[in-house]
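Visitor: Here it is, the structure in full.
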Amino acid sequence: MRSTTILSVRKDGIMAIGGDGQVTFGDGIMKNNAKKIRLLHNNTVITGFAGATADAFTLFERFEGKLQEYQGNLTRSALELAKDWRQDRILRRLDAMMCVADKTVSFIISGSGDIIEPENNIMAIGSGSNYAKAAALALMKHSHLNAEEIVRQSLLIAADICIYTNHNLTIQTLKGE
C-alpha cells in the first residue's frame with residue numbers, strides 16, 4: 001500500500017499512535033498536513049488509516065457506529081467491522097487499512113477481513129511501515145524513550161527513507177488504567 005505511514009507503540013501503560021500528513025496522487029504530493037489519526041468514542045479509542053482517504057473516512061464512520069453499537073467494546077467492534085468489510089459488496093472495494101487501539105488492546109483491521117493483534121506491542125501499516133516498525137523495535141529494546149517519543153522518532157526515520165511519508169506528524173496517546 002503506497003500511501004502513508006501509521007505506527008503505534010504500547011509501552012509502560014501508554015498507547016501512542018502516530019502518522020504522517022502526506023497525501024499523494026500518483027507521483028505527486030497533493031497535501032502535506034492531512035490528519036490520519038482520529039480519537040473516537042469519547043476519546044477512548046485511537047484510530048489511524050493508510051490508503052485512500054475517502055475510503056478511510058467511510059471506515060471511520062462505520063467503526064464509530066460499531067463502537068456506539070457495542071458500547072465501546074473495541075474487540076467486538078473490530079470483529080463486526082471486519083465482518084461487514086469482507087461481506088458487503090461496497091465496503092469490500094474500499095482500499096484502506098486501519099490501526100485501532102484503546103487502553104488495553106490493539107488491532108490492525110484490513111479489507112480482507114483480517115484482524116491482527118500486534119506482536120511486541122507495535123503496529124505499523126502503510127508504505128513506510130517496515131521502516132517505522134524496524135526503528136520502533138530498535139528503540140523499544142535499546143532506549144528509555146516513552147511510547148510517544150518512540151512513535152515520533154520512528155516516523156521521522158521512516159520519513160527520511162520513504163517517499164510517501166513526510167515529517168508532518170500527528171500523534172495521539174491514551175494512558176492505561
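What follows is calculated from the coordinates using simple rules that are stated; it is not laboratory data. Computed from a predicted structure; not experimentally measured. Counting neighbours? That spans all protein chains shown, and the Cβs are built from the backbone with ideal geometry, glycine included.
Visitor: Hey, what number do you get for the chain at 222 nm if only DSSP H runs of n ≥ 4 count, each worth -39500 (n - 2.57), divided across all residues, to the nearest 500? Spell out each step's value before the answer.
Guide: Values: 4 runs with 60 residues, N = 177.
Result for the chain, helices only: -11000 deg cm²/dmol.
Visitor: Say each of residue 29 and residue 69 gets a label point 7 Å from the Cα, pointing the same way as Cα to Cβ; how far apart are those two points in nm?
Guide: 4.0 nm
Visitor: What ranking do 146-157, 114-125 get when scored by the average of other Cβ atoms within 10 Å per residue, highest first?
Guide: Working: 146-157: 22.0, 114-125: 17.7.
Ranking, from highest mean packing down: 146-157, 114-125.
Visitor: Please identify the helices of the chain, taking whole runs of DSSP H, that span at least 15 Å along their own axis as judged from the Cα atoms and have a mean Kyte-Doolittle score of 0.0 or higher.
Guide: 129-142, 147-161
Visitor: Which value results for Rg/Rh of the chain when Rg is the Cα radius of gyration and Rh the Kirkwood radius based on the inverse mean 1/r?
Guide: That ratio is 0.95, to two decimals.
Visitor: Further question on the same structure: What FRET efficiency comes out for residue 95 versus residue 146 if R0 is 25 angstrom and r is the Cβ-Cβ distance? Round to the nearest 0.05.
Guide: 0.15
Visitor: Would you list 162, 99 from fewest to most Cβ contacts within 10 Å?
Guide: Result, fewest neighbours first: 162, 99.
Visitor: Provide the percentage of antiparallel DSSP beta bridges, counting only those with both residues in the chain; round to the nearest 5.
Guide: About 100 percent, rounded to the nearest 5.
Visitor: Cut-off 10 angstrom, C-alpha nodes, Gaussian network model of the chain. Which of 144, 167, 41 fluctuates the most?
Guide: With Cα springs under 10 Å in the chain, the top fluctuation among 144, 167, 41 is at 144.
Visitor: Still on this structure: Using a 7 Å offset from the Cα along the Cα-to-Cβ direction at both residue 52 and residue 130, what is the distance between the two label points in nm, to one decimal?
Guide: Rounded to a tenth, the inter-label distance reads 2.5 nm.
Visitor: In debye to the nearest 20, how big a dipole does the chain give about its Cα centre with +1 on each Lys and Arg Cβ and -1 on each Asp and Glu Cβ?
Guide: Charge dipole, the chain, about its Cα centre: 100 debye, nearest 20.
Visitor: Please report, in cubic angstrom per residue, the volume enclosed by the convex hull of the alpha-carbon atoms of the range 99-177. Before the final figure, lay out each step's value.
Guide: Values: hull volume 8.0 nm³, N = 79.
Here the figure is 102 Å³ per residue.
Visitor: May I pose another question? In the structure shown, do any of 35/175; 11/83; 83/133; 35/133; 103/133 have a Cα-Cα gap over 24 Å, and if so which?
Guide: In this structure, 11/83; 83/133 exceed 24 Å between Cα atoms.
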